[in-house]
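Below is one structure, written out as structure tokens; comments come after it.
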Amino acid sequence: MPAKKASVKKPAAPKPSVKKPAAKKSAPKKAGASKTPEREPVKAERPPTPPPAWVDIGFKQIQGAVVEDEQGQWKGTSKWPCLVDGGGRSSVFFQYRSASMVDPWSKTDLEAERLRTILIGAMRYGKTYLLELHDTPGPMLTHIAEALEAVEPGLWEKIMSKRLLTEFRSLVRPDDGVAYDETNWVAVHEDFNVLFLQTTEQLDERLRGCALFRVLNPPS
């Protein structure tokens, strides 16, 4: 038998080399090119303002609870009382109590000299200095504050902070009478108080630091 021919393996054909695509060069940044703006941090939302904490009283309790402060809500603190009476009877009550009343609806009530004289009279003789805010406490407060600033710069802040109780002599004038001179009037009467009276439960932010009272009126 003829010998079998040895099979000769053909060399494998070389694989074609695959060129990798050249990396794209980043374009040079132009001078003055703006950077990507940074995101502003998210501000935390403020918690909702809690509702006013009114102390409910009957109409006949106004004198004891509000004026005399039998429950110790405002005397000896930095607070003044604020009273809301939707029925409107409290205004008449204080008229009969001879309170020193300021009504922004009356132009004469906001005259500087009248504001000054009834304020020092209330401090001297221990009366309620009543500021009527009606059903629009925000605008009424603004009118009163501006009028008090016309009496003396910083007077509104002195009243609200109670610094007025020790810094009252600047309001006295030489022609106010003997009762107001330094020998006869050395301190504010202990019964003096500033009272904010309104007919709505809508509370202005400037009064949130007050002792809050609410008259419970019988249903009509």
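Annotations
- Residue that is most open to solvent (accessible area, probe 1.4 Å), among those in the range 178-220 that are of a type in the set (Asp, Glu) and more than 17 Å from the chain's Cα centre (by Cα): Glu190
Okay, residues lined up against (1) in contact with an Asp or Glu (Cβ under 6 Å, 6 or more places away or on another chain); (2) part of a loop (DSSP other than H, G, I, E, B):
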{"site": "Glu132", "(1), (2)": "yes, no"}
{"site": "Met140", "(1), (2)": "no, no"}
{"site": "Glu146", "(1), (2)": "no, no"}
{"site": "Pro153", "(1), (2)": "no, yes"}
{"site": "Glu157", "(1), (2)": "no, no"}
{"site": "Ser170", "(1), (2)": "no, no"}
{"site": "Trp185", "(1), (2)": "no, yes"}
{"site": "His189", "(1), (2)": "no, yes"}
{"site": "Glu201", "(1), (2)": "no, yes"}
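- Evaluation of Leu164 against (1) touching a strand residue (DSSP E or B) at 6+ places or on another chain (Cβ under 9 Å); (2) surrounded by fewer than 17 Cβ atoms within 10 Å (Cβ to Cβ); (3) of a type outside the set (Phe, Trp, Tyr); (4) free of Cβ contacts under 8 Å to residues at least 60 places away in the same chain (one fails), failing number: (2)
The values are calculated or read from the model by the stated rules, or taken from the named source; none is laboratory data. Computed from a prediction, not measured in an experiment: that's the story for all the values here. Here the Cβ is made from the backbone with ideal geometry for all residues, glycine too, and neighbour counts use every protein chain on show. We work out accessible area using only protein heavy atoms, side chains counted, and drop any ligands, DNA or RNA first. Shrake-Rupley method; radii C 1.70, N 1.55, O 1.52, S 1.80 Å.
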